[in-house]
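The values are calculated or read from the model by the stated rules, or taken from the named source; none is laboratory data. What you see is a predicted model, and the numbers here were worked out from it, not measured in a lab. No Cβ is skipped: glycine too gets one built from the backbone with ideal geometry, and neighbour counts run over all protein chains shown.
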């Protein structure tokens, strides 16, 4: 490549150019791949009128069962008023319901509705399809290895994530 500035100006710019030295940085690669995966997943969710936070709340309710809003906000490290908006969205479209806790009628818990459970099942298929698109260059063994390595790194940066949700200490469900 020429070092002459005039020659550089005549080369048409591509849409994106990642400097080769940046491709040596694992943190950058994780960011770039994560950004692409998130964008594709967001597009699938938006087609259903949902955002990633809706999916996250639905998945947590499916994994842990009915939860108080304050507990959901704490577990997701989310502002309570922001979580309230997400829950209200899910209630409005019939994916979740706010009901009295049978164990303590003073408490109101959020739970998935049967429609929400079905929606989450079909979303899971779309998420798997998105994973397939992103991970297309990898074979089955490489995908399993990548997943295991990512979980190991994730449990290092978020130690509480290493404990399965059902065994994790915290506020009662």
Point to revise | Flag for residue 143 being part of a strand (DSSP E or B) and at pLDDT 95 or above | key: no
Exercise for review: All but one of (1) farther than 26 Å from residue 35 by Cβ; (2) modelled with pLDDT of 90 or more; (3) surrounded by fewer than 12 Cβ atoms within 10 Å (Cβ to Cβ); (4) under 20 Å from the mean Cα position of the chain (by Cα) hold for residue 149, so report the exception by its number.
Suggested key: (1)
Review point. Would a scan of segment 115-127 turn up a residue that is closer than 30 Å to residue 26 by Cβ, touching a helix residue (DSSP H, G or I) at 6+ places or on another chain (Cβ under 8 Å) and assigned to a loop (DSSP other than H, G, I, E, B)?
Key: no
Check your understanding: Name the pairs whose Cβ atoms lie under 6 Å apart, with the first residue in segment 128-144 and under 13 Å from residue 36 (Cβ atoms), the second at pLDDT 95 or above and outside any loop (DSSP other than H, G, I, E, B), and 6 or more positions between them or separate chains?
Key -> 135/143
**Study point:** Residues of segment 57-102 satisfying the condition of being within 16 Å of the chain's Cα centre (by Cα), in contact (Cβ under 8 Å) with a residue 12 or more places away in the chain and surrounded by 15 or more Cβ atoms within 10 Å (Cβ to Cβ)
**Key:** 57, 58, 59, 60, 61, 62, 72, 75, 76, 78, 83, 86
Check your understanding: Are any residues in segment 90-111 under 21 Å from residue 49 (Cα atoms) and not in a helix (DSSP H, G or I), and if so, which ones?
Key -> 93, 94, 95, 96, 97, 98, 110, 111
